[in-house]
Amino acid sequence: MLLASVFSKHPAFAILVIAFIPVLAVVGMTLAKSAEKAVVLIVFLVLMYAPVGAYIRLPSTPHIWKDNVAYIGIVLGAILNYPQYLIRARPGSWPQSLIVVGMFAAVFTSLTNSDSLIYGQQVIVVIPGLRINDGLFMAFTDVLEDLLPFFVGIAFIRSAESMRMMHRYVISMMLVYALLIFVELRMSPQVHQWIYGYRAHNQFLQTIRWGGWRPMVFMRHGLQLSLFNFQVLMMSVAMLRTKEEPWVFGRKDLANWKVVTGFLFVLLVLDKSTGAIVYGLAFAPLAYKLSPKNLTRIAAFLAFMSLSYPIGRAYEIIPTAKVVNTIEDVFGAERAESMKFRFKNEDLLLEKASQRLWFGWGKYGRQFNYDYLGRQSTTPDGYWIIMLGARGIFGHLSSFLMLLWPVFMAFTAMKKIQDKRDQAMIAIFALMIAVSVFDLIPNGMFNSYPNFLSGALVGVLQGMKDKGVWSKYDRVLR
């Protein structure tokens, strides 16, 4: 019984991989000559290769998935070997302190949802009320999934050179990953099942796109892989624009950044996710051509749009009918019907969320609608509506502001950065984050690494300030 409560019901090998990741992370942090390189390799190797869905759950704790297990190991390894890295991240400083708002809001969510909910007519479904333990559980989940990766990013990515190092390693890893993507383009998404014994996603029809297969490899969904591919493409554009020395697999003579960037864009198209392809077509050329100042303006605008989208939907400012018609004209009737379905469900879920607007409905599917048979009748797609319904305005804002405040920091800091190459590198990184969070409007949050990226941006800006890269600086980084 104890083992059944601790481990998920996935094959033993997948569970063992999850269980040993913290151990391997601590060993890696101990043996590594460079803490920064070790952290980058741990974060992205786990993201790209660890099993989906398998977890460990200790008594009275949230599930420990691949999403957060790497960061637990990194923090343990840092405590033993690099405590100075954790100190310089200034625990509890802004914007890390946003998590405190979310944690207090989680407790209030449990206090305002003590009532049981009854749905259905022919079949009666009773959803239990929340207890204070549920609020504490949600608060602890916020720490694991939001704060921990954000904090790790701040602690270990502290300079533009560290950011370049991260770009080099992630791009090289993606070029290796491309081999598995090509396998799944030909054989269908099977690699996860071959290695771990089960499918990463149970709706296999969602892997069929454009008369072929949409790859997933070791990620939760094809959409996650496509968005990650877009992020790596933007990293490659940054290396190309700043004229970094070619570096692939540790060699300087293997390829140049033009070839790598072109290959990554082709790979993005082959991933067959319309949204990510649009992002690549729209933002990769802008990242290469526009000034850093204008890039951060675009990033700040996208960040503002992501934060204000719920208001636009609630007050019907966004012309949903025109959006559907435009999508039909550009992408066809199938994509338009998909968007129409999303908007319809958003309307229903917004109406439900408005009944408990400040702190949300909490856990157990309480924020959804149910039909007369007691079945869930609404389907959430965007992360924003999931957070708004479950955690209310306070929970939603604490989550999104932690992701997006670094973008506003970059916008404010841009004029203070003296090195033009550093300006371009940071501006493209901020734009990449802003686009990735903007993608949470139509899609869900698949992993915690966006918090790591946002934390890395804060770390670089704070590191520049600490090293005196600019002499005068305003309050944004204090």
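Taken over region 300-321, the criterion of being surrounded by fewer than 16 Cβ atoms within 10 Å (Cβ to Cβ) and either at pLDDT 90 or above or over 16 Å from LYS344 (Cβ atoms) (or both) is satisfied by PHE301, PHE304, MET305, SER308, ILE311, GLY312, TYR315, ILE317.
Only one of ALA300, ALA276, ALA284, ALA255 is more than 30 Å from ASP371 (Cβ to Cβ) and not in a helix (DSSP H, G or I). Can you tell me which? I'd like the intermediate steps shown before the answer.
Working: ALA300 fails: not in a helix (DSSP H, G or I); ALA276 fails: not in a helix (DSSP H, G or I); ALA284 fails: not in a helix (DSSP H, G or I).
Only one candidate passes the filter, namely ALA255.
Is it fair to say LEU286 is surrounded by 16 or more Cβ atoms within 10 Å (Cβ to Cβ) and touching a residue at least 12 places away in the same chain (Cβ under 8 Å)? Taking the combined requirement at face value, the residue does not satisfy it. Of all the numbered requirements in (1) out of contact with any Phe, Trp or Tyr (no Cβ under 8 Å at 6 or more places or on another chain); (2) farther than 26 Å from GLN423 by Cα, LEU223 misses one, and that requirement is (1). Answer with yes or no whether ARG214 is in contact (Cβ under 8 Å) with a residue 60 or more places away in the chain, among the basic types (Lys, Arg) and surrounded by 19 or more Cβ atoms within 10 Å (Cβ to Cβ). Judged against the criteria, ARG214 is not a match.
Just wondering, is there one or more residues in region 114-125 that are within 25 Å of VAL52 (Cα to Cα) and either without any contact (Cβ under 8 Å) to a residue 60 or more places away in the chain or among the aromatic types (Phe, Trp, Tyr) (or both)? For region 114-125, residues within 25 Å of VAL52 (Cα to Cα) and either without any contact (Cβ under 8 Å) to a residue 60 or more places away in the chain or among the aromatic types (Phe, Trp, Tyr) (or both): absent.
Mind listing just one residue for me: the one in region 15-60 that is part of a loop (DSSP other than H, G, I, E, B) and surrounded by fewer than 19 Cβ atoms within 10 Å (Cβ to Cβ) and, of those, farthest from the chain's Cα centre (by Cα)? Let's see the steps before the verdict.
Looking only at region 15-60, we keep the residues that are part of a loop (DSSP other than H, G, I, E, B), and these are 32-34, 50-55, 57-60.
Cutting the leftovers down to surrounded by fewer than 19 Cβ atoms within 10 Å (Cβ to Cβ) gives us 32-34, 57-60.
Working: ALA32: 27, LYS33: 28, SER34: 25, ARG57: 22, LEU58: 24, PRO59: 27, SER60: 25 Å.
So, considering only residues that are part of a loop (DSSP other than H, G, I, E, B) and surrounded by fewer than 19 Cβ atoms within 10 Å (Cβ to Cβ), the one farthest from the chain's Cα centre (by Cα) is LYS33.
Being crowded, with 18+ Cβ neighbours inside 10 Å and in a helix (DSSP H, G or I) is the filter here; which residues of region 61-74 pass it? The answer is LYS66, ASP67, ASN68, VAL69, ALA70, TYR71, GLY73, ILE74. Quick one: would you say ILE277 is free of Cβ contacts under 8 Å to residues at least 60 places away in the same chain, surrounded by 14 or more Cβ atoms within 10 Å (Cβ to Cβ) and of a type in the set (Val, Ile, Thr)? Yes, satisfied. Being over 19 Å from PHE44 (Cβ atoms), part of a helix (DSSP H, G or I) and within 23 Å of the chain's Cα centre (by Cα) is a property that VAL170 lacks.
All of ALA139, ALA105, ALA155 fail the test of being more than 30 Å from VAL39 (Cα to Cα) and assigned to a helix (DSSP H, G or I), apart from ALA105.
Kindly indicate whether GLU244 is farther than 24 Å from LEU401 by Cα, modelled with pLDDT under 90 and either out of contact with any strand residue (DSSP E or B) (no Cβ under 8 Å at 6 or more places or on another chain) or part of a loop (DSSP other than H, G, I, E, B) (or both). Against the criterion (farther than 24 Å from LEU401 by Cα, modelled with pLDDT under 90 and either out of contact with any strand residue (DSSP E or B) (no Cβ under 8 Å at 6 or more places or on another chain) or part of a loop (DSSP other than H, G, I, E, B) (or both)), GLU244 qualifies.
When the residues of region 351-365 are filtered to those that are in contact (Cβ under 8 Å) with a residue 24 or more places away in the chain and part of a helix (DSSP H, G or I), the one that is surrounded by the most Cβ atoms within 10 Å (Cβ to Cβ) is ALA353.
Is it the case that PHE218 is under 19 Å from VAL46 (Cβ atoms), in a helix (DSSP H, G or I) and at pLDDT 90 or above? Explain how you work it out, then say what you get.
Details: under 19 Å from VAL46 (Cβ atoms): yes; in a helix (DSSP H, G or I): no; at pLDDT 90 or above: yes.
So PHE218 fails the test.
When we screen GLU145, GLU161 for residues that are surrounded by fewer than 17 Cβ atoms within 10 Å (Cβ to Cβ), of a type in the set (Asp, Glu) and either out of contact with any Lys or Arg (no Cβ under 7 Å at 6 or more places or on another chain) or closer than 28 Å to GLY459 by Cα (or both), the only hit is GLU161.
Would you check if LEU86 is assigned to a loop (DSSP other than H, G, I, E, B), more than 24 Å from LEU180 (Cβ to Cβ) and of a type in the set (A, V, I, L, M, F, W, C)?
Numbers: assigned to a loop (DSSP other than H, G, I, E, B): no; more than 24 Å from LEU180 (Cβ to Cβ): yes; of a type in the set (A, V, I, L, M, F, W, C): yes.
Against the criterion (assigned to a loop (DSSP other than H, G, I, E, B), more than 24 Å from LEU180 (Cβ to Cβ) and of a type in the set (A, V, I, L, M, F, W, C)), LEU86 does not qualify.
Taken together, the residues in region 63-99 that are aliphatic (A, V, I, L, M) and touching a residue at least 60 places away in the same chain (Cβ under 8 Å) amount to 9.
Results for (1) of a type in the set (Val, Ile, Thr); (2) within 30 Å of LEU175 (Cα to Cα), shown as yes or no for each residue.
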residue: ILE21; (1), (2): yes, yes
residue: LEU24; (1), (2): no, yes
residue: ASN81; (1), (2): no, no
residue: THR109; (1), (2): yes, no
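One residue stands out among those in region 322-381 that are in contact with a Phe, Trp or Tyr (Cβ under 8 Å, 6 or more places away or on another chain) and of a type in the set (Gly, Ala, Ser): the one that is modelled with the lowest pLDDT, which is GLY374. Could you look through region 247-264, keep only residues that are under 14 Å from VAL232 (Cβ atoms), among the hydrophobic types (A, V, I, L, M, F, W, C) and buried (at least 19 other Cβ atoms within 10 Å of the Cβ), and pick out the one that is modelled with the lowest pLDDT? The residue in question is TRP257.
Every residue, every condition in (1) assigned to a helix (DSSP H, G or I); (2) buried (at least 21 other Cβ atoms within 10 Å of the Cβ); (3) of a type in the set (A, V, I, L, M); (4) free of Cβ contacts under 8 Å to residues at least 40 places away in the same chain, yes or no:
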{"site": "GLN367", "(1), (2), (3), (4)": "no, yes, no, yes"}
{"site": "THR379", "(1), (2), (3), (4)": "no, no, no, yes"}
{"site": "ILE393", "(1), (2), (3), (4)": "yes, no, yes, yes"}
{"site": "LEU401", "(1), (2), (3), (4)": "yes, no, yes, no"}
{"site": "ILE426", "(1), (2), (3), (4)": "yes, yes, yes, no"}
{"site": "LEU440", "(1), (2), (3), (4)": "no, yes, yes, no"}
{"site": "ASN447", "(1), (2), (3), (4)": "no, yes, no, no"}
{"site": "PHE452", "(1), (2), (3), (4)": "yes, yes, no, no"}
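The values are calculated or read from the model by the stated rules, or taken from the named source; none is laboratory data. These numbers come from a predicted model, not from an experiment. We place every Cβ from the backbone using ideal geometry, glycine too, and count neighbours over all the protein chains shown.
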